[in-house]
Amino acid sequence: MKVVIDTNIIISAILKNRTPEQVILFIAEQNESEWLVSSDILTEYKAVIHRPKFKLPPDIIEKWLMLFDLRTVHIDVEIELDFPRDQKDAKFLACAIAESANFLITGDKDFTEAQKILDTIIISIRDFNRLVIPTQSQR
């Protein structure tokens, strides 16, 4: 299973714990799962968790940086994608397209209209937890 995770899910996992963190850790720990990131996505993850407004303690930042380094699959994305709804989100779509990801997990409604341009299932964290994790856990 190939998964791309939007930055808003990372922040939810760090700040709120519970379901977002459980889902990310589930994906990271499964041998059958690949958490796909491009260099642009990884740069955004790292920049966002360092934002002063989140006031994250150094140990939490370090924990997540280590998770990014050890549990993500880095891919080269050579697709230039125009996503007028929000061009900052194009990197997630391009990553999903480049590796034929099964899922793009996001809380951003801007991605809804992107569903027509890719085969990847765009899904919320709750729906992924409800629909995907039980079937993967039974393997």
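Every read-out reported here was derived from the displayed coordinates using simple, explicitly stated rules and does not represent laboratory data. This structure is a prediction, so every number in the text was calculated from the model and none was measured. FYI the Cβ positions are ideal-geometry reconstructions off the backbone, even for glycines, and counts take in every protein chain you see.
Calculate, for Thr43 and Lys63, the FRET efficiency according to 1/(1 + (r/R0)^6) with r their C-beta to C-beta distance and R0 22 Å; round to the nearest 0.05.
0.75
Taking amide H atoms as placed 1.01 Å from N in the peptide plane, list the residues 5 or more away in sequence, or in a different chain, whose amide H sits under 5 Å from that of Val4.
Placed amide hydrogens put Leu36, Phe103, Leu104, Ile105 under 5 Å from Val4.
What is the packing order of peptides 68-80, 25-37, 101-113, taking the mean over residues of other C-beta atoms within 10 Å and listing the highest first?
The densest-packed peptide leads the list: 101-113, 25-37, 68-80.
Pull out the extension gain between Leu131 and Asp119, defined as 0.36 nm times the separation in residues minus the alpha carbon to alpha carbon distance; nm, one decimal.
The Leu131-Asp119 span can extend by a further 2.6 nm.
Need one number: nm distance between label points at Phe26 and Asn8, each 7 Å from Cα along Cα→Cβ, rounded to one decimal.
Inter-label distance under the simple model: 2.0 nm.
What's the extension gain from Ile79 to Lys55 if we count 0.36 nm per residue and subtract their Cα-Cα distance?
5.2 nm
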